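Asks: Have a look at this one before I ask anything.
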Amino acid sequence: ETKIVSVDNHIDNLASYQQAVDILEKGGVVAFPTETVYGLGALATDERAVQQIFAAKGRPSDNPLIVHIGTKEEVENYAIDIPETAQLLMDECWPGPLTLVFHKRPGVIAENVTPGFQTVGIRMPDHPVALALLKQLGAPLAAPSANRSGKPSPTEAGHVYTDLQGRIPMIVDGGRTGVGVESTVLDMTTAPPTILRPGGLTREKIESIIGPVNAESNTPGGEAPRAPGMKYAHYAPESPLFVIELNKELIRNAVASLHTEGKKVAVICPDEFAHGEADWYFSFGTLHDKDAMAANLYHAIRKCDETDADVILATETDVHGVGAAVMNRLNKAADGKRFK
Ligand code: TXA
Ligand code: MG
């Protein structure tokens, strides 16, 4: 059975955290909130514990996990050759939605955290519950997103429960996550550094601190992505999803034409667009608020899965700021499909 333990900032949660710590110290897994999405954690130094993450998620075992730490200083324990630019990023952006990939210090982190890799991805999450858990545990947590492989990442405890009930012993419920898309993965072993996965921390922010970086192209047929997670079909809703231009007339016509084919339609769009003939509307938040779009994206996709829509239409945004991460995830969910 999967136990859900609620924590908040207004009560003394030590006893709740201790339950999670007890499970983790015995080599079990626990789901917990971060500022991006919920993670499924296990002791990063315990190979058998880490193996349970792959088993619970149904995750391909060649896909490396991110190591979560509770203090910046710990990075030295697990990584070597940390460049000056990384120090600047850690000073400014940690805790926060930025995973830095370094050469790994041999023999500390369990082999199956970074299967076949000489590198390790590390981040310090910016969430009071994640930080309290890491502090009370006093050890690093390997943690991927706490969804079944191929499902959208969980942004609330209920999503974790839907995907992993009966497969994990505990979910620490800290409410809805704030950022809503996963961390930016930045490879610090290349010169200049390379964004392997766009995420919650924007490229513009990174470049304002350390200057120009490369971005891995994830276009189909492009260079093989080096963040192995990027090659899997991710975030796929149960019905086909099409990205559509943010244009009221275009959306109205699309819904009408799908209806003449006898199809039921769910539309994910800003509040200002959520009126009309579609069978369901789910919100991206206020028009032109990309942070809200990121925060609502996975929730909205999961809501569509609860309907019997035959087609999902989701409005697009530009790729500036967190729009890069939103459109990366949306294009994956759509498998590149656009409604024209
Ligand atoms: O926001 C997040 O990053 C969340 C929360 C829980 O921290 N975690 C997360 O983990 O999204 P996961 O496992 O779903 O995605 C990790 C991504 C994958 O694309 C993986 O391939 C990449 O990071 N990655 C991890 N370690 C790497 C490494 N050493 N080299 C290259 N890519 C790495
Ligand atoms: Mg994931």
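The values are calculated or read from the model by the stated rules, or taken from the named source; none is laboratory data. Everything numeric in this text was worked out from a predicted model, so none of it was measured. Cβ: placed from backbone, ideal geometry, glycine included. Neighbour counts: every protein chain shown.
Asks: Within segment 123-152, how many residues turn out to be within 20 Å of Val5 (Cα to Cα), within 11 Å of ligand 1 (Cβ to nearest atom) and among the small types (Gly, Ala, Ser)?
Replies: Total meeting the criteria: 4.
Asks: Which residue pairs have Cβ atoms closer than 9 Å, lie 6 or more positions apart in sequence or on different chains, and pair a first residue in segment 143-158 that is assigned to a loop (DSSP other than H, G, I, E, B) with a second residue that is near ligand 2 (Cβ under 10 Å from one of its atoms) and acidic (Asp, Glu)?
Replies: Ser153/Glu182
Asks: Got a sec? Which of Thr194, Thr162, Thr177 is of a type in the set (Val, Ile, Thr), within 15 Å of ligand 1 (Cβ to nearest atom) and surrounded by fewer than 19 Cβ atoms within 10 Å (Cβ to Cβ)?
Replies: Thr194
Asks: Residues in segment 71-96 that are crowded, with 16+ Cβ neighbours inside 10 Å and either at pLDDT below 95 or charged (D, E, K, R) (or both): how many?
Replies: The number of residues fulfilling the criteria is 1.
Asks: So which of Asn63, Asn112 is more than 22 Å from Gly199 (Cβ to Cβ), within 22 Å of the chain's Cα centre (by Cα) and surrounded by 13 or more Cβ atoms within 10 Å (Cβ to Cβ)?
Replies: Going through Asn63, Asn112 in turn, just one is more than 22 Å from Gly199 (Cβ to Cβ), within 22 Å of the chain's Cα centre (by Cα) and surrounded by 13 or more Cβ atoms within 10 Å (Cβ to Cβ): Asn112.
Okay, residues lined up against (1) more than 20 Å from Arg105 (Cα to Cα); (2) within 16 Å of ligand 2 (Cβ to nearest atom); (3) surrounded by fewer than 24 Cβ atoms within 10 Å (Cβ to Cβ):
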residue: Phe117; (1), (2), (3): no, no, yes
residue: Leu133; (1), (2), (3): yes, no, no
residue: Leu137; (1), (2), (3): yes, no, yes
residue: Ser145; (1), (2), (3): yes, yes, no
residue: Arg148; (1), (2), (3): yes, yes, yes
residue: Glu156; (1), (2), (3): yes, yes, yes
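Asks: I would also like to ask the following. For segment 14-32, check the following and say yes or no: at least one residue is in a loop (DSSP other than H, G, I, E, B) and among the hydroxyl-bearing types (Ser, Thr, Tyr). Explain how you work it out, then say what you get.
Replies: Step one: of segment 14-32, the residues in a loop (DSSP other than H, G, I, E, B) are 26-29.
So of that shortlist, the ones also among the hydroxyl-bearing types (Ser, Thr, Tyr) come out as none.
No, there is no match, as no residue in segment 14-32 is in a loop (DSSP other than H, G, I, E, B) and among the hydroxyl-bearing types (Ser, Thr, Tyr).
Asks: Let me ask something additional. Kindly establish whether Val181 is of a type outside the set (Gly, Ala, Ser), closer than 18 Å to Ile122 by Cα, modelled with pLDDT of 95 or more and in a loop (DSSP other than H, G, I, E, B).
Replies: yes
Asks: Looking at (1) touching a strand residue (DSSP E or B) at 6+ places or on another chain (Cβ under 8 Å); (2) surrounded by fewer than 22 Cβ atoms within 10 Å (Cβ to Cβ); (3) within 16 Å of Leu201 (Cβ to Cβ), which one does Thr99 not meet, given that it meets all the others?
Replies: (2)
Asks: Only residues that are aromatic (Phe, Trp, Tyr) and part of a helix (DSSP H, G or I): list them for segment 247-298, please.
Replies: Phe273, Tyr298
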